[in-house]
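The values are calculated or read from the model by the stated rules, or taken from the named source; none is laboratory data. Model, not experiment: these values are computed from the prediction. Neighbour counts run over all protein chains shown; Cβ positions are idealised from the backbone, glycine included.
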Amino acid sequence: MKNILRIINFIEKGIIYILVFFLTAILIVSVVDLSVHFFHLMIENPIDGWYKQELLMSLFSSVLVVLIGIEFMETVKAYLRENEFHVGLVILTAIMALARKIIVFDYSVEDSGKLYGIAILIVALAIAYFLVKNAGVKIKLGSKTEKTETEK
């Protein structure tokens, strides 16, 4: 039985390393794309044209996608380092993704129902983060959930 668990843990770690490789590749491509987009904006438009809303929104969206990817990478790195799943990091990444959605939200095209739904999700995630942070929950993979020092 222990040999099977070792094999499963080995396969799990291998999958995580493959995931890290793909995340790194995606982040590199995203940064290159952001750089190309930014320099294209600088070359194609005079300096007074940079403040157009559609140009800035696409740049902000690209920057936030890279930041979300970095946060996701931090979650994977924390798992590899400590063999613990940090729920708080995942919730913060989700909040950042929703913040990106709000920043690039086209209010003239989209209906208000979507915005209300996003607002409810943000409130729910904020409450979840507050509860997780105050409880000090960390999920230790490979064994039972352990309580942190604040819970003992």
**Message:** Looking only at segment 85-102, how many residues end up being closer than 19 Å to K13 by Cβ and surrounded by fewer than 16 Cβ atoms within 10 Å (Cβ to Cβ)?
**Reply:** 0
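Do we find a residue being farther than 20 Å from M96 by Cα, of a type in the set (V, I, T) and surrounded by 13 or more Cβ atoms within 10 Å (Cβ to Cβ) anywhere in segment 45-55?
Checked against the condition, which is being farther than 20 Å from M96 by Cα, of a type in the set (V, I, T) and surrounded by 13 or more Cβ atoms within 10 Å (Cβ to Cβ), segment 45-55 yields no hits at all.
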**Request:** Collect the residues in segment 74-118 that are farther than 22 Å from T24 by Cα, of a type in the set (D, E, K, R) and in a helix (DSSP H, G or I), keeping them in residue-number order.
**Result:** K101, K114
**Fill in**
Checked segment 66-85 for anything without any contact (Cβ under 8 Å) to a residue 24 or more places away in the chain, within 15 Å of Y17 (Cβ to Cβ) and not basic (K, R); matches are T75, A78
**Message:** Taking the conditions exactly as written (without any contact (Cβ under 8 Å) to a residue 24 or more places away in the chain and in a helix (DSSP H, G or I)), does I8 satisfy them or not?
**Reply:** yes
**Item:** L80 vs. criteria among the aliphatic types (A, V, I, L, M) and either at pLDDT 85 or above or over 30 Å from N134 (Cβ atoms) (or both)
**Value:** no
